[in-house]
1. Just to be sure, is residue 285 open to solvent by 30 Å² or more (accessible area, probe 1.4 Å) and within 30 Å of the chain's Cα centre (by Cα)?
2. May I ask you to list the residues in the range 136-148 that are open to solvent by 70 Å² or more (accessible area, probe 1.4 Å) and in contact (Cβ under 8 Å) with a residue 60 or more places away in the chain?
3. Looking at (1) open to solvent by less than 20 Å² (accessible area, probe 1.4 Å); (2) closer than 25 Å to residue 69 by Cβ, which one does residue 273 not meet, given that it meets all the others?
4. Filtering the range 243-264 down to residues that are in contact with a helix residue (DSSP H, G or I) (Cβ under 9 Å, 6 or more places away or on another chain) and among the charged types (D, E, K, R), which residue is most open to solvent (accessible area, probe 1.4 Å)?
5. Examine the range 224-238 for a residue that is in a helix (DSSP H, G or I) and either farther than 30 Å from residue 156 by Cβ or more than 25 Å from the chain's Cα centre (by Cα) (or both), and state whether such a residue exists.
6. Kindly indicate whether any position in the range 156-173 is under 25 Å from residue 275 (Cβ atoms), buried (at least 19 other Cβ atoms within 10 Å of the Cβ), at pLDDT 90 or above and out of contact with any strand residue (DSSP E or B) (no Cβ under 9 Å at 6 or more places or on another chain).
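The values are calculated or read from the model by the stated rules, or taken from the named source; none is laboratory data. This structure is a prediction, so every number in the text was calculated from the model and none was measured. Don't worry about glycine lacking a Cβ; one is built from the backbone with ideal geometry, like all the others, and counts go over all protein chains shown. What goes into the accessible areas is simple: the full protein's heavy atoms, side chains included, and nothing from ligands, DNA or RNA. Shrake-Rupley method; radii C 1.70, N 1.55, O 1.52, S 1.80 Å.
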Amino acid sequence: RLLNSSPARPCPPGPLPLRACTRTREAAMVYTRITQPGQRREYSYKPGETLLFRLSGTVIPAVWHMSLLTCVVTFFACVIYEPLRQGSKDQALGQREKLLLNLFRDMEKVMQYFTGFVTFILGFFNSIVFNRWWHMRELIGNIVEAGQNTAMHIAVFFVKEPPARDGVDGAVQLQRSRRELIRLLALGQALALQACHRVRDHTWLINRGLLVRDSEEHMVLQNLASPGYNEVFCWYIAKAYKFMGEDGMVDEKVFSSVLYSQRWSMLSSSNHSEDLMMHLNQQIPVAYTHLLELMTKLYVLITPLALVPSLLWVAIPVAPLVTLFFYGFFRLGTTMLMDPFQKDSGFDTEALLMASILNMESLERNVPLSWSQGGDGWRSRVCTRRSPCPPASSPTPMRAPLAMPALPECCRRQALVHMKTPPPKTPTVLARLMSSGMSGVASTGASASASAGASADTSVAGSEGNQEGGADGREEGLRARRKPDLVCT
């Protein structure tokens, strides 16, 4: 704020966790894109396929003009050198012609010296740039790995149901808390990758369910000068600590180790993100790049004159190939490998992010295994008199178990109502990622399978009742029908 000379502006309306917003620094990063880039098919290839006749995604579009220039220069050099060569044989050259002839022959020796210089400096430069490029790729993987490890801790250790609060069952609070933590993990990763692309696209995040429009988080992120991933990582730690401490969702035996692991993962994600920003904002020294460009272009311009005395007309196709090699590696290091996020041929971070989100969602859905298979836990309920059934008018956000157990009639009706009830207004991240067509097919299949499962349970329950028979079975059935307030847990 001290470096900001712009006039103060008031805070946006609504409650904010950070109130000191009268002065805000302008964003230091230059955002060159409007939306985050996705997969570029023209820059991808299958391992093992031939790329000999490939143009898109290669260095040829960046060097063809220089190769064409050397081809033209070589042609005119051959036209000039041919009379000099014939005159040298006949010893009919004047002083200027002899000077020009010696110049052609001396260029061949100069090219030999330049070849060693350019090869050394160009090889050293490309080695540094490629290591820098690969290190940025490793940093992206480290950010994704930290999120995956944190999601594993959420799925394994956040399993204790908190006490009911404000009429919300503890099982519902547990699942909502787990989803909220997964969402914050995905949001932090998305903001870090957007910052690498010089992107600030909150609409992209909202459309994918990672951010709620006009929420407190949205307002804070809009008024930040930084990319915002560090703030999101801090929000995650604060919420995880609240869920673990106040709500008691983690066993006390592993409280300290889980909290340490969560904090360490978020710190690692922040460190790797800052390393990425350092690589992108700190370029290779300009003196080194200038010397490399000067030596490379001088070498390319000397090549036509140096090849003509020894190759003559054959030098016309050879000179562009030499230019393609040396000047191509120079352009490769200074453009494609220097910033793998800004160019279209860079990293496909959207695919990495989507895969990471789907993996974290899968962990939250299927771990512990008993929850996904309908065992003990809040995914499968049986009727008792200890806690009331959820009302049919209020849809539950819990996911339906893969295989519904045989339930008494009161809870079977409740389960069918909940499974047929449309999802809440804020869908999950996975639902946002799926297309509308796939979502419709999935929801139709889920409803059909739920109805079929309920019908099968009804028939099984009926057959069991007929087999039991007797007065006790009839009295139990009448008691169940007379008391519709039987409860589910």
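1. On the way: open to solvent by 30 Å² or more (accessible area, probe 1.4 Å): yes; within 30 Å of the chain's Cα centre (by Cα): yes.
Against the criterion (open to solvent by 30 Å² or more (accessible area, probe 1.4 Å) and within 30 Å of the chain's Cα centre (by Cα)), residue 285 qualifies.
2. Quick first cut of the range 136-148, residues open to solvent by 70 Å² or more (accessible area, probe 1.4 Å) only: 137-138, 145.
If the condition is that a residue be open to solvent by 70 Å² or more (accessible area, probe 1.4 Å) and in contact (Cβ under 8 Å) with a residue 60 or more places away in the chain, then 137 is the only one that fits.
3. Here residue 273 clears every test but (2).
4. Looking at residues that are in contact with a helix residue (DSSP H, G or I) (Cβ under 9 Å, 6 or more places away or on another chain) and among the charged types (D, E, K, R), I get 263.
5. First, the residues of the range 224-238 that are in a helix (DSSP H, G or I): 229-238.
Now drop any that are not either farther than 30 Å from residue 156 by Cβ or more than 25 Å from the chain's Cα centre (by Cα) (or both), which leaves none.
No, because not a single residue in the range 224-238 is in a helix (DSSP H, G or I) and either farther than 30 Å from residue 156 by Cβ or more than 25 Å from the chain's Cα centre (by Cα) (or both).
6. Residues of the range 156-173 under 25 Å from residue 275 (Cβ atoms): none.
The answer is no, given that none of the residues of the range 156-173 is under 25 Å from residue 275 (Cβ atoms), buried (at least 19 other Cβ atoms within 10 Å of the Cβ), at pLDDT 90 or above and out of contact with any strand residue (DSSP E or B) (no Cβ under 9 Å at 6 or more places or on another chain).
Residues checked against (1) among the aliphatic types (A, V, I, L, M); (2) crowded, with 21+ Cβ neighbours inside 10 Å; (3) in contact with a strand residue (DSSP E or B) (Cβ under 6 Å, 6 or more places away or on another chain):
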residue: 298; (1), (2), (3): yes, no, no
residue: 303; (1), (2), (3): no, yes, no
residue: 308; (1), (2), (3): yes, yes, no
residue: 318; (1), (2), (3): yes, no, no
residue: 328; (1), (2), (3): no, no, no
residue: 335; (1), (2), (3): no, no, no
residue: 341; (1), (2), (3): no, yes, no
residue: 351; (1), (2), (3): yes, no, no
residue: 367; (1), (2), (3): yes, no, no
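For every residue, the table says whether it meets (1) open to solvent by 80 Å² or more (accessible area, probe 1.4 Å); (2) under 20 Å from residue 317 (Cβ atoms); (3) in contact with a Pro (Cβ under 9 Å, 6 or more places away or on another chain).
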{"site": "50", "(1), (2), (3)": "yes, no, no"}
{"site": "60", "(1), (2), (3)": "no, yes, no"}
{"site": "70", "(1), (2), (3)": "no, yes, yes"}
{"site": "74", "(1), (2), (3)": "no, yes, yes"}
{"site": "84", "(1), (2), (3)": "no, no, no"}
{"site": "87", "(1), (2), (3)": "no, no, no"}
{"site": "90", "(1), (2), (3)": "yes, no, no"}
